Every structure is written in C-alpha cells, then in structure tokens.
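Colleague: Okay, here's the structure, questions in a sec.
The values are calculated or read from the model by the stated rules, or taken from the named source; none is laboratory data. Quantities reported herein were computed from a predicted structural model and do not represent experimental measurements. Note that each Cβ is placed from the backbone with ideal geometry, even for glycine, and that neighbours are counted across all protein chains shown. Keep in mind that these areas ignore ligands, DNA and RNA; they rest on the heavy atoms of the full protein, side chains included. Shrake-Rupley method; radii C 1.70, N 1.55, O 1.52, S 1.80 Å.
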Amino acid sequence: MNDRRLDELCVNTIRTLAIDAVQKANSGHAGAPMGAGLMAYVLWDRFLKHNPADPSWPDRDRFVLSAGHASMLLYGLLHLTGYALSLDDLKEFRQWGSPTAGHPERGLAPGIEVTTGPLGQGFGNGVGMAMAERFLAATFNRPGYAVVDHHTYALVSDGDLMEGVSHEAASLAGHQKLGKLIYLYDSNGITIDGPTGLAFTEDVGERFEAYGWHVQHIDGMDFDAVDGAIRAARDEIERPSLIVAQTHIGFGSPNKQDTEKAHSEPLGEDEVRLTKRAYGWPEHGTFRIPPDALAHFRQALDSGAAAQLEWEQRLGAYARDYPPEAESLRRAFAGQAPDAWDAGLPAFSPDDKPIATRAASGLVLNAIAGLLPTLFGGSADLTGSNNTELKARGRMSAEEPGGRNIHFGVREHGMCAALNGMAAHGGVIPYGGTFMAFSDYCRPAVRLAALSELGTVFVFTHDSVGLGEDGPTHQPIEHLMALRAIPRITVIRPADGNETAMAWRFAVENRHCPTVLALTRQAVPHLQQTASGGARGLLRGAYVISEATSRRADAIIIATGSEVAVALAAQELLKEQRVGARVVSMPSWELFERQEDSYRDDVLPPDVRARVSVEAGVTLGWRRWVGDDGDSIGIDGRFGASAPGPTVLRNLGFTPENVAQATLALVERLSGVRT
C-alpha cells in the first residue's frame, strides 16, 4: 500500500531540488521537473529496474530523458536514489567542470544513458535501445534462461514530438512492434514561444495509433493514473506504448504555472518562495531533502542490489548450461570482439577485378558476420547500393527479432538516432548506411555520437562526384570536411579493398567513438602496395604507399580514397620528368593526428615543401597537411555535374596527367629551376 503523504513529499523533493538548482545557477528549466516530477517518481519508485551502485549492470531497464532541458529532474532522481552524484554536484548545476551540465551528457555522471538536448534525439535513441534489447534476447536467451530481459522507458516532451526525427523513429518502432518500449509524454502544452497551439494542433494520440502504438491518455498529476497506465503499458507486449500525460508546467507556481515563463528561466526569488509555500515547503533555505524522503528513495539501493543478484545467479546457471553463449554475451557487453575475429578479413589481390569500395565493404561484412554474432545493421532504403546486407542472416522484425538485417526505410535521421541508442545500450556493434550526400540528414545524430563517445558505425557510400549521372544533388562536395570537423570522430576513406578491410577492423574494435566509412560507387583497382598486409598502414591514418625512386623525394602527393590510384599513376608520369614523388595514402586525418610526431614527420618530412593533396571534394583544411607552400587539387566554388563518373572526374581535373602537371609546377616554383 502506497503512503500518499510520503509520495507527495518525495515528489516535492524532486521539484524543489530543481527549483533551487536553476535559481542558484540563474539558468535552466525548472518548469518541466515541476510538472513531470510526479510521473517520473512513480516510474522510478515502482517500476524501474536499476541498481544505483552499479549503473552499468547490463540487464537494467534503460531510462532516457529525451526532454533534456529537464535535466534537473534526472539529476535529482540520480542523487536521491543513491547514484554517485552528490548534493554538491546538484548545487553546481550548469557550472564549469560539474557533472550536472545544462543538458544530460553520457559519461559525465553515472546513470545518464544518452546525451540529450537536441529534441527528438532521445526519442530515437530509445527506439534503438529497445531494438538492441530484443535482438540480444533473441540471440542469447534460452528456454528457462531470460538473461536479457528489460524495458526501455523515456520521458518525452511536446518539442520532441514536433521534431521530424521522432516521427521517423516512432514509425519504425511501430513497424517493429517493440512491445518493451514505453514512453511517458509530458503533454504540458507549452514551448518557449508560448502555447503549443501556436504551431502544434494535431492529435498526437491518433498519430501514434496510426503508427501502430498502444496509446493511453491520463492525468499526469494523478499518482494512481500514472501507476495504472505504466502497468497497462507493461502488459502490452506487441506494441510500443505512449502514455499521453496531461501535466502542468511549473506546477505550483502561482504566477508562472502553465506559461512559457516556467519553461526556460528561473522562477525568481519571490516566486520560489510562493511556490514552496504552495507545496507546504519551508520557504527559507535551499536544497532541502527531508530524511523520510531520502530514506524512501535510497531503498533503490537494496532493491537494485537484490534484482542484480538474482540476475547474476540466473546468469551463472546459464553459463553452466550454455558456456559458449555466456562467454560471447560477456564479451559483447564488455565491448570486446571475439578472439581472432579479424582472421576472417578478406584479402584482395591486384589481379582481382576492380570493385567499388562499397562492394568491398559488403564482402568484408559478410566475411566477418559469422565471427561477430552481435554485428547488425542496415540501410535507409539503400541496402543494395550501400552493400550493407548480411546474407542469410535474417531480417529483423517482430516475427524474427534475431534477424541481423534492419530495413530502416527512408529515414536517415531516425536511423542514425536509433543506431546511437543501440550503441549506448551496449552488447551490439551497430552500423547503418546511406549516401554520403545524405549525411546531412544524419548530422545531428553523428554529432551526438561523437559527443557521447559511442561506437556507432556510419557507412556513407557514393562518396564523391565519381558516382556519376545522379548529379549534383547526390554528389558530395563539402561532406567529408563537414564530417571531419566534428570532434571525437574517425572518418576513414579507404583507397581499395584491402584498406576497406582494415577500416572495418578499426571500426569493429573502436567502441568509444563513432566511425564514418566513406566508400566509392565507382570501381577502383586493388593496389599492389596494399596487398600482403600493406594496408595495415591505414590503422595509423596515413602511410607511405609508394616511395620516390630517387634518393630523396622532390615532392609528396597525398591522396585519399579513389584518388590514391590517380596519385600512383601520376607518380609514374613524374618519373619521366625525373621528379621523384612520394605517394602517401591518408585515409584518416584523425588517426594520423593521433600518431607521435616522429611518425608524422617520417611520413611527411618537414623539409619536403612541395606537397600536393588530391581529393574529390572541397580543399578546405588541406593546408594543414600540404603546408603554406603546398597545393591542393579538389573541388572549390562549385558543385558536381550529371554525367558518367569518369567524365565528371576527368573534367574536374582528377587525372594522372593533371596531378603530375600540378606537382611538377609546384616543384619548379619552389626550386626556382625549370625541370
């Protein structure tokens, strides 16, 4: 039997902690915690399976605060239930070096599952988490042994449900029939501009029913209504659930409740006192936590420890009966690939038929799929073009939850947000593909993957004007540089099949930052220099793929991707001019940047000033590698053109002859002597 007095005391503790933290910081959003605090409390107190003493327990329920502006709601719950987040941390809300950032950041404080703030992203993350849970359960559970069995919950807002990414993700979740996905919708009718009716008058419930969701409408300020709705949602196993909860933003504030004034600014000292008076709370003093409330919240430590112990005992019995599966599951959640998994990486010979690096990627994926049981993913309706299919590995659906191919549909934004949720959930290696030009649709999720240090793999094919006839709308020009501009990301543009295999080797083992694979549509030759292990240089970001034949290099040609073969051909032409050119393959700036100075100087000797970069995209940024005296062959001031790929590349100057001529001219200019 629930003690209503104690429940109300606990909810008001959540509310006043948010009020005090925002007021002290003179910045933040107290209104949402004040209105949604009740339903968040009911969820965490009565339903959420978690252990504050071990935030990384694999079989915990996942909770996503998609309405990241309500961050103090999450911080308050984490502190009160016993996570390693102190009251002093709450008092340092939004301050330099504090784990209580303005919006929740994964890794800053224990218990934060994903980085949220850009609205709609958390919604998509939750969908990916639910997909990962179901896949792992189908892959590892055995009769009598449900070693993967948890729910994914999220608190979402009006703003989340306006953003397009949530529409994409909601449609996907309904199609996939994710019955263990439960979202609480804080429907308070207010955004920064004012009432949502200014721009948002649709029937959200009917929309979600059309998506295939189980929808309930409740009073979100009523304990029993929230409790009953969550129970009903948990009983619904064939559809994801949306609980539309009518709440009051800034609840209890006499002058700001149900207005935009409660959304994104402190209440003000006078209003804080009036609000606390309305709660029956002491008006003086801040960050007050009544002992009865704290004792009740901290019961989560005992209940969480008991739940985890029961799971560990179940896991131990599972390991005795299914030792290989148990070891595989352990390694999966530890982010460790199976031993010698990379022995399955294919090798390509110069005698093999030239193929696109997207095709090589598909061959690599299928070669390693059997050794990596938790590698899964798909494409945004471009499976054949992106070469992302794992053949004979099934298609993920409610009927085949262990299928390893995901059809995301034409939903790049939702796909990438879901992929991040899968990576954050842990235990899986998720990848997703689309055309590189459409990485613009993915960019918010790619950026958050980097900010969150998630090991998501983004497969972006058709990486240059070399794709041909589809023309400028599909031909990426600025996209490689735009992706490289994101901190904590690794962009790899391999030159041939062997470099592509090495790129996948890095991506699989890179569980702490996202990897972008930039792959060609057009066929490229398998280079002699990358065979027999030569492509391992990719793992260092850049390497000498072909040395100058002269005693000392007169020039260095630095190329990426499909342009490496062009640079090697230019090297041969320069020999005829008695110019010795070293060719450097630089598939990843980021990996090269991480190398020691001595290695970088060995690859790009500082005293060789004649450097030319060759890449079919904007030249912005190449000055770092070619130096002030160097030159760059790229595409500036224009887009591509609709014509066969070889024609476009030729007309834009990506030919051995043009590269050789530019290199020769640079050598002559710097030496002052005509060769």
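Colleague: Give or take rounding to whole Å, what are the principal axis extents of the alpha carbon atoms in segment 592-675, in descending order?
Modeller: Sorted largest first, the three principal extents are 44, 37, 20 Å.
Colleague: Can you tell me which lysines have their Cα less than 17 Å from the Cα of residue 180? Leave out same-chain residues fewer than eight positions away.
Modeller: Partners found: 49.
Colleague: Per q in 0.06, 0.08, 0.12 1/Å, what log10 I(q)/I(0) does a Debye calculation on the alpha-carbon atoms of the chain return?
Modeller: Once normalised to I(0) and log-transformed, intensities are -0.39, -0.66, -1.18.
Colleague: With every atom except the alpha carbons ignored, what do you get for Rg and Dmax of segment 1-69, in angstroms?
Modeller: 13.8, 40
Colleague: Cα centroid distance between segment 40-58 and segment 432-474, in Å?
Modeller: 36
Colleague: Tell me, what is the Rg over Rh of segment 87-196, with Rh the Kirkwood radius over Cα pairs?
Modeller: Here Rg/Rh amounts to 1.05.
Colleague: Quickly estimate the mean residue ellipticity at 222 nm for the chain, helices only: each DSSP H run with n ≥ 4 gives -39500 (n - 2.57), and the total goes over all residues, rounded to 500.
Modeller: One gets -12500 deg cm²/dmol as the mean residue ellipticity at 222 nm.
Colleague: For the chain, give the share of DSSP beta bridges that are antiparallel, in percent and rounded to the nearest 5; count only bridges with both residues there.
Modeller: 10
Colleague: With a 10 Å radius around each residue's Cβ, average the other Cβ atoms per peptide and rank 338-344, 659-665, 239-245, 287-293, highest first.
Modeller: So the peptides 338-344, 659-665, 239-245, 287-293, ranked by packing, come out 239-245, 659-665, 287-293, 338-344.
Colleague: Rank 378, 316, 336 by how far each Cα sits towards the positive end of the charge dipole of segment 303-400 (+1 on Lys, Arg Cβ; -1 on Asp, Glu Cβ) and give me just the farthest.
Modeller: Working it through, the farthest residue towards the positive pole turns out to be 378.
Colleague: Which Cys in the chain stand alone, with every other cysteine's Cβ at 4.7 Å or more from theirs?
Modeller: 10, 513
Colleague: Computing the accessible area with a 1.4 Å probe over protein heavy atoms, can you report the carbon and sulfur percentage for the chain?
Modeller: Whole-percent figure for carbon plus sulfur exposure: 49.
Colleague: Using a cut-off of 12 Å between beta-carbons, work out the net charge of the residues near residue 467 (Lys and Arg +1, Asp and Glu -1, residue 467 not included).
Modeller: Value of the local net charge: -1.
Colleague: Once the dipole of the chain is set up with Lys and Arg at +1 and Asp and Glu at -1 on Cβ about the Cα centre, which of 108, 367, 262 lies farthest towards its positive end?
Modeller: 367
Colleague: Let me ask something else about it. Could you please tell me the mean projected area of the C-alpha convex hull for segment 368-503, averaged over all directions and given in square nanometres to one decimal?
Modeller: So the Cα hull casts an average projection of 8.5 nm².
Colleague: Counting Lys +1, Arg +1, Asp -1, Glu -1, what net charge surrounds residue 179 among other residues with beta carbon under 12 Å of its beta carbon?
Modeller: +1
Colleague: From the Cα gyration tensor of segment 1-156, with a ≥ b ≥ c the square roots of its eigenvalues, which class applies: rounded if a/c is under 1.5, or else prolate if a/b is larger than b/c, or else oblate?
Modeller: Cα axes put segment 1-156 in the prolate bin.
Colleague: What does segment 52-117 give for Rg and for Dmax, in Å, if only its C-alpha atoms count?
Modeller: Answer for segment 52-117, Rg first and Dmax second: 10.9, 33 Å.
Colleague: Along the charge dipole of the chain, pointing to its positive end and built from +1/-1 on Cβ of Lys, Arg, Asp and Glu, which listed residue (658, 64, 194) has its Cα farthest out?
Modeller: It is 658.
Colleague: Taking 1 over the mean of 1/r across every pair of different Cα atoms in segment 129-280, what Kirkwood radius in Å do you get?
Modeller: Computed over Cα pairs of segment 129-280, the Kirkwood hydrodynamic radius comes out at 17.2 Å.
Colleague: Give the peptides 136-148, 590-602, 24-36 in descending order of average Cβ contacts within 10 Å, highest first.
Modeller: Per-residue Cβ counts within 10 Å, averaged per peptide and sorted highest first, yield 24-36, 136-148, 590-602.
Colleague: Something else now. Once you treat every alpha carbon in segment 293-367 as an equal point and sum by Debye, what is log10 I(q)/I(0) at q = 0.13, 0.15, 0.18, 0.21 Å⁻¹?
Modeller: Once normalised to I(0) and log-transformed, intensities are -0.67, -0.75, -0.87, -0.99.
Colleague: Considering only the other residues whose Cβ falls under 11 Å of the Cβ of residue 442, what net charge follows from Lys and Arg at +1 and Asp and Glu at -1?
Modeller: +1
Colleague: Ok, one more. How far is the Cα center of segment 582-634 from the Cα center of segment 486-551, in Å?
Modeller: Each part's Cα centre sits 15 Å from the other's.
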